[in-house]
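A.B. asks: Before I ask anything, let me first share the structure, which is written out below as structure tokens.
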Amino acid sequence: MRLGLLYARGLRKEAGEAVVHARKIRPFDSIHNLALRVPELRKSDLTMLARVGALNSLGEGIHRRDALWQVEYAGRPAGPLLRQLPEPVEVTAVQSPLAQMTIDERLAADFQGTGVTVGPHPMVYQRNRLSEMGIVRARDLKNFPHGRKTQIAGCVIARQRPGTAKGFVFLSLEDETGISNAIVTPAVYELYRHLVTYGKFLIIEGKLQNQENVISVKADSVRLLEIRSIEVRSHDFH
């Protein structure tokens with residue numbers, strides 16, 4: 001899966017259009033080649049693109065930290081001697097001594113730089129631990145009876161507190177299999193107000209409600225799921 005430049009947070013429109021235009025003329029064969037041919041890209045743009053893996057294809061077997069290392073050279077302004085040449089001179093890439101990003105670091109970079117990840121969902125890496133804790137995947141909830149004590153967990157993608165709902169809060173949690181929904185009563189909300197309002201990854205425990213295939217968990221307790229420092233933006237209280 002590949003993402004378009006529109007997903008790159010902070011990349012200016014003119015810089016993105018310049019990249020597309022130059023790439024149509026001929027492909028980029030290195031990060032330094034990209035920097036030379038698209039002067040509209042600032043060093044901060046190149047750094048951001050390197051962090052999210054967008055530059056990994058501009059070299060043989062390079063990873064994100066390799067790309068960040070090369071950006072440090074490619075982003076430097078040319079000296080007076082090179083500026084006098086009729087054609088830009090490409091500098092040979094210096095081999096990076098840096099280790100690859102860990103899974104946690106890559107996921108954090110993906111969410112901070114684009115808001116999504118092209119790799120596995122963050123919950124995939126937690127699934128064995130969550131299964132041992134008795135936490136049910138979203139797609140499996142339909143297999144359990146109404147009234148069953150249940151735990152769900154995931155990334156909070158929506159929080160709703162309608163004015164007509166008498167203080168009830170409705171949460172949508174996303175895991176690698178889909179979306180599960182939780183109902184938080186006013187009393188439970190008061191107990192876990194901060195987590196319900198600001199938690200990025202949550203574990204909800206309560207009774208399963210399965211009425212005419214409308215499935216949700218009525219929360220008795222809310223816990224934080226420790227799952228790295230990823231910035232996830234939810235749609236809150238709309």
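FYI, it's all coordinate maths here, none of it is from the lab. Worth saying up front: this structure is predicted, and the values here are computed from it rather than measured. All Cβ positions, even for glycine, are placed from backbone atoms using ideal geometry, and neighbour counts span all protein chains on display.
A.B. asks: Please list the non-local residues whose amide H lies under 5 Å from the amide H of residue 121, H modeled 1.01 Å from N, same-chain partners needing a gap of 5 or more.
C.D. replies: Placed amide hydrogens put nothing under 5 Å from residue 121.
A.B. asks: Decide, for region 122-236, between rounded, prolate and oblate: order the square roots of the alpha carbon gyration tensor eigenvalues as a ≥ b ≥ c, take rounded if a/c falls under 1.5, and otherwise choose prolate if a/b is larger than b/c, else oblate.
C.D. replies: On the way: a/c = 1.61, a/b = 1.09, b/c = 1.49.
Since a/c reaches 1.5 but b/c is at least a/b, the shape of region 122-236 is classed as oblate.
A.B. asks: Where the only charges are on Cβ atoms (+1 Lys, Arg; -1 Asp, Glu), what is the dipole of region 122-236 about its Cα centre, to the nearest 20 debye? Write down the numbers at each step before the final one.
C.D. replies: Working: 17 positive and 12 negative charges, 25 e Å.
Charge dipole, region 122-236, about its Cα centre: 120 debye, nearest 20.
A.B. asks: Just flag the GluC sites (Glu not before Pro) in region 127-228 sitting in loop per DSSP whose Cβ has no more than 14 other Cβ atoms within 10 Å.
C.D. replies: Numbers: sites: 132, 174, 176, 190, 205, 212, 226; in loops: 176, 212, 226.
Passing both the DSSP loop test and the Cβ count: 212, 226.
A.B. asks: Using the eigenvalues of the Cα gyration tensor, what equivalent ellipsoid semi-axes result for region 183-224 when each is taken as the square root of five times the eigenvalue, whole Å, largest first?
C.D. replies: On the way: eigenvalues 80, 24, 13 Å².
One finds semi-axes of 20, 11, 8 Å for region 183-224.
A.B. asks: Quick one: compute the contact order of region 122-236, relative version, from alpha carbon pairs under 8 angstrom and 6+ residues apart, as a percent. The partial results should precede the final answer.
C.D. replies: Details: 237 pairs, mean separation 32.5, N = 115.
Once divided by the residue count of region 122-236, the mean separation gives 28 percent.
A.B. asks: Still on this structure, I have one more. Let me spell out the model: positive unit charges on the Cβ of Lys and Arg, negative unit charges on the Cβ of Asp and Glu, origin at the Cα centre of region 104-168. What dipole size does that give, in debye rounded to 20? Present the calculation step by step, with values, prior to reporting the outcome.
C.D. replies: Details: 11 positive and 5 negative charges, 100 e Å.
Dipole of region 104-168, to the nearest 20 debye: 480 debye.
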